[in-house]
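The values are calculated or read from the model by the stated rules, or taken from the named source; none is laboratory data. Worth saying up front: this structure is predicted, and the values here are computed from it rather than measured. As a convention, Cβ positions derive from the backbone with ideal geometry for all residues, glycine included, and neighbour counts pool all protein chains shown.
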Amino acid sequence: MLDRYARRKYSDIFVRSACVAATVIALVPLVSVLYYVTSRGIGGISWDFFSELPKPVGESGGGMANALAGSFKLLFLACVFGIPPGVLAGVYLAEFGNSRFGKLVRFSADVMSGVPSITVGIFVYSLVVLRAKHFSAFAGGVALGVLMLPTVTRTTEELLKLVPESLREAALGLGLPKWRATLRVMLRTAAPGIATGVMLAVARVAGETAPLLFTAFSNPFWSSGLNEPTASLPVIIYNYAVSPYEEWHRQAWAAALVLLLLVLLLNVSARLLVRNRVGAR
Amino acid sequence: MFARRKLLVGLLFSLVACKGNQAAPTPVASESAPTVKNGEAISLTGAGATFPYPLYSKWISEYNKLNPNVKINYQSIGSGGGIRQITANTVDFGATDAPMKEDEAKQAPSKLFHIPATIGAVVIAYNLPEVTGTLKLTPEVLVGIYAGKIKTWNDPKIKADNAELKLPAKEISVVYRTDGSGTTAVFTDYLGKISPEWTEKVGVGKVVKWPTGLGAKGNEGVTGQVKTTPYTIGYIERAYASQNKLPMAELKNKAGKFVAPTIEAMSAAADAVEVPEELFVSLSNADSEAAYPITSYSYLLVYEDAKDAVKGEALAKYVWWGLHDGQKFAKDLDYAPIPAKVLTKVEGRLRELRSGDKKLLTGA
Amino acid sequence: MSVSHEISPLIRPRSKILTRFGSEVNWGDFAFRRVTALLAALLIIALAAMAIAMVHGSAESLAKFGLGFVSSQIWDPARDVYGALPFIYGTIASSLLALCFAVPISLGVAIFLSELAPAWLREPVGFLVELLAAVPSVVYGLWGIFVLAPWLRTTVEPFLAQTLGFLPFFQGQQRGFGMLAGGIILAIMITPTISSVSREVLRAVPSALREGALGLGATPWEAVRVAVLPYARSGLVGATILGLGRALGETMAITMVIGNRSEISASLFAPSYTMASVIANEFSEATGSLYLSALAEVGLLLFVVTVLLNIVARLLVWRVGHLPQGGSL
């Protein structure tokens, strides 16, 4: 029987190796998917891809400029509809959330995060599209915003709660009103973590297809303003990937690659912006 | 703290929105095909079947070249989706592979016309690595395989028609469509016609309870399965089989001949069936020597009475163009053109399109 | 921030209106609480609206099938007969399977990144794990069809059948597509959520706790186990529930690999069908009010299942031991 010290030492080594192994296992599918997407998609990336409108099968040189623009538009709208309410709702839960109302809100957020995106799409369809009698980018933005809301809320709450109370006490002691102490000190400290949650939510909705099919629809041409249907990368990826044509498949993979890079870019820039103001651990 | 980020994104968005507006084409007068009057920009939206999507997107692109101010947006959300959207008036036209049923038609606010726009075929694709030469299937064998009664490739019933092929002693892996689809509707319609037992036990429709096999999503899912898994059989649209170079089985038609799913065979099926007043009919199991037995029309759904006269006229002209000039794009994309005698009937129906009391197509 | 040079709100007389409506000492606090409460209520309102819409939509199906909908295994649109038991089973089984894979791995990743990894490795690796979330669902589905399923069919499933084939979980025809493929793909998709949030949670634990344990002679793992994890428990559970939510609602990727056969089978090799998949597969083409109503009822059931699983998760954590620090549930 190993003595106590040796047992502790070996279990430490065992767990540490298990954690490393877990990380490696988690990264294997990523490498596989990235390799797969890149090898199939890199051939379709060209200047045309970023500047041309889609062309029908058989004609070369088509691109996805309108889908790129559309995705930006939709993500922007989703952030407008999803982040401010989400962050502030999370603040409420962290500050005042110990009541029954708070428990109900928390529960709603958890349940809402499990609603399939197609159901949210159908819901926004009946709320917005049927009323307006046409599809629009606005409806698409609402659908994506609703999808983002629970993740942003819960992440904000959990991370705010972990900020040490001493910071708040210091702020209050210096004369800040409670609301200012929360927003300017606590929220700011938790900001990098919240940015993670927000980026996760954005990354998820950036790739969602189902909710957009019945709200933003799609558009082979440019869409102007918020009231017209708009093309978006995930919808085009889906339409092309399920078609019979090799040409369209190549474009779909290229679009998937671009989508990945787009989310990467958003991720990195959001992190940089937030880190610079707060300072990392 | 998020202000800076939103500012950045907002800048990007406004840049992009500006570019979008700049890229809108300026109207150009054209002499050839029927143009829309007064050069104003017109947007039409349509939704429906996935099957004709490649053809329609070609039509839209070509028509836009001739009439740059007419922008048509067709999205393939499924036949059911197309029926629902045209009924709810969120789109200007619908598209469906399976004709609308009575109760569906009743839900529409006013009368909807079915316009047969093109013809397609459902083929039986298979993956038999050791076999060269084409598989021949009779209706009874096909039903047997999908009913789970014929389980192995070297079953004597299959061997009977394929004496020269070396069929392996492996289990048949059957694949069907899990998502609701016109392809399934056409395929089961055919199976139902040749086997009353199938109609009774399984049924006909866009989604049925398959006795055996694995479900794959979409034509591409079935194609993927057949392509990657040996000893698999599946039913898919012709374009998927030909684009992916999958072998297609020859089927024995009603007249007793084994026919491959060629464009000519599809046209032969269309020629053999009389189109009734409502302009929709099933083309499966057509009684003609050269006909391929699993063929079908795909329809456009258009309101007889258009609320908006300008849009209605633009739509009517586009559909007219599609049924005449548009047909020449069909063959390259694995569709068959509408036969001439059906076209005459369709022309008559298109001339009935109106907005209020005014007929939409004059002259042309 | 500016320091007020007026009389402190704590000693000056409060506005009468303010006293009447609330307990706060200044208008800022008053508005702050109410505005954030309103936005928090938005979540309840949105959820309630969705629930009501689903109940309204499934009225016809509820009336026709009643409780039989939940216990019947027959889903036959051609005959307008609907029963959702296979989908309920498929959803719960695939999500739990995904959690079995994803939770240990995500926790391992989170602990590795926040405690064990050298500083230069943390950002890049953390970033890579989050990249898993950026891959669109449909891309995962296609990867699943062309890479994962064939690999399972040729390598993993035969191996499992050989070594553990006496268990009912590993019997039956090996096709690659099926419950196992579905569970794995879901696990891959929820790992970034659980691990990233867990990582942030672990990072936010005050270092004093960790250092104290180390100072007392704990090994690094013991320090984590004794000082860090209990403090972060609530956050870790929150992360897992977020992951579970994602698993329950996932549609595209799982529908492309799970085989989509509405049968209940104990075997992991067998095809299955989830509630989200059946809605996604059949909604676009469904016509007929009973059919649509049945699909709406499936959505409602998914909703109910999500609620139940959430309650169970909370009860579990409460049972296992609730330590007061680190925030409430």
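Assorted remarks:
- Looking across region B:287-326 at every residue that is surrounded by 24 or more Cβ atoms within 10 Å (Cβ to Cβ) and over 20 Å from B:Trp59 (Cβ atoms), the one that is farthest from the chain's Cα centre (by Cα) is identified as B:Ala291.
- Leading residue by the ranking (farthest from the chain's Cα centre (by Cα)) among those in region B:333-360 that are within 18 Å of B:Val302 (Cα to Cα), surrounded by fewer than 18 Cβ atoms within 10 Å (Cβ to Cβ) and of a type outside the set (D, E, K, R): B:Gly356
- Restricting region C:75-91 to residues that are more than 15 Å from C:Glu282 (Cβ to Cβ) and either β-branched (Val, Ile, Thr) or within 11 Å of chain B (Cβ to nearest Cβ) (or both), the residue that is surrounded by the fewest Cβ atoms within 10 Å (Cβ to Cβ): C:Ile88
- Evaluated against (1) crowded, with 19+ Cβ neighbours inside 10 Å; (2) facing chain C (nearest Cβ under 7 Å), B:Trp210 falls short on exactly one condition, (2).
- Taking the criterion of being within 12 Å of chain C (Cβ to nearest Cβ), part of a helix (DSSP H, G or I) and either more than 17 Å from C:Arg79 (Cα to Cα) or not hydroxyl-bearing (Ser, Thr, Tyr) (or both), the residues of region B:149-203 that qualify are B:Gly182, B:Thr183, B:Ala185, B:Asp189, B:Leu191, B:Gly192, B:Trp198, B:Glu200, B:Lys201.
- Exclusive hit being over 25 Å from A:Pro244 (Cβ atoms) and either modelled with pLDDT of 90 or more or over 19 Å from the mean Cα position of the chain (by Cα) (or both), set B:Thr90, B:Thr132: B:Thr90
- Criterion: more than 27 Å from B:Pro337 (Cβ to Cβ), modelled with pLDDT under 90, within 20 Å of the chain's Cα centre (by Cα) and within 14 Å of chain C (Cβ to nearest Cβ) - qualifying residue of B:Gly215, B:Gly221: B:Gly221
- Which numbered condition C:Ala119 fails, given (1) out of contact with any Leu (no Cβ under 8 Å at 6 or more places or on another chain); (2) within 14 Å of chain A (Cβ to nearest Cβ); (3) surrounded by 14 or more Cβ atoms within 10 Å (Cβ to Cβ); (4) not basic (Lys, Arg): (3)
- The listed residue being assigned to a loop (DSSP other than H, G, I, E, B) and either of a type in the set (A, V, I, L, M, F, W, C) or more than 9 Å from chain C (Cβ to nearest Cβ) (or both), out of A:Gly70, A:Gly63, A:Gly41: A:Gly63
- The residue that is farthest from the other protein chains (Cβ to nearest Cβ), counting only those in region A:86-128 that are over 21 Å from the mean Cα position of the chain (by Cα) and among the polar types (S, T, N, Q), is A:Ser99.
- Filtered residues of region C:231-263 (kept if within 14 Å of chain B (Cβ to nearest Cβ), among the polar types (S, T, N, Q) and in contact with a Gly (Cβ under 6 Å, 6 or more places away or on another chain)): C:Asn260
- Between C:Ser95, C:Ser61, the distinction of being crowded, with 18+ Cβ neighbours inside 10 Å and closer than 21 Å to A:Ala109 by Cα belongs to C:Ser95 only.
- Residue within region C:63-74 that is at pLDDT 90 or above, away from chain A (no Cβ under 13 Å) and in a helix (DSSP H, G or I) present: no
- Matching entry among A:Val258, A:Val242 (being within 12 Å of chain C (Cβ to nearest Cβ), β-branched (Val, Ile, Thr) and in contact (Cβ under 8 Å) with a residue 40 or more places away in the chain): A:Val258
- In region A:1-19, the qualifying residues are those that are exposed (fewer than 15 other Cβ atoms within 10 Å of the Cβ) and among the hydrophobic types (A, V, I, L, M, F, W, C), and the one that is farthest from the other protein chains (Cβ to nearest Cβ) is A:Met1.
One line per residue, one yes/no per condition, for (1) of a type in the set (A, V, I, L, M); (2) at pLDDT below 90; (3) touching a Cys at 6+ places or on another chain (Cβ under 7 Å):
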site	(1), (2), (3)
A:Leu127	yes, yes, no
A:Ser136	no, no, no
A:Leu144	yes, no, no
A:Ala170	yes, no, no
A:Leu174	yes, no, no
A:Gly197	no, yes, no
A:Leu200	yes, yes, no
A:Ala206	yes, yes, no
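- Hits in region A:129-140 - residues which are over 22 Å from A:Pro84 (Cβ atoms) and either at the interface with another protein chain (Cβ under 8 Å from one of its Cβ atoms) or surrounded by 24 or more Cβ atoms within 10 Å (Cβ to Cβ) (or both): A:Val129, A:Leu130, A:Lys133, A:His134, A:Phe135
- Which listed residue is within 14 Å of chain C (Cβ to nearest Cβ), farther than 23 Å from B:Ala260 by Cα and among the charged types (D, E, K, R), from B:Lys71, B:Lys65, B:Lys106: B:Lys106
- Helices (runs of 4 or more DSSP H) fully within region C:180-288 that include at least 2 residues being closer than 30 Å to C:Arg79 by Cβ and in contact with a Phe, Trp or Tyr (Cβ under 6 Å, 6 or more places away or on another chain): C:275-283.
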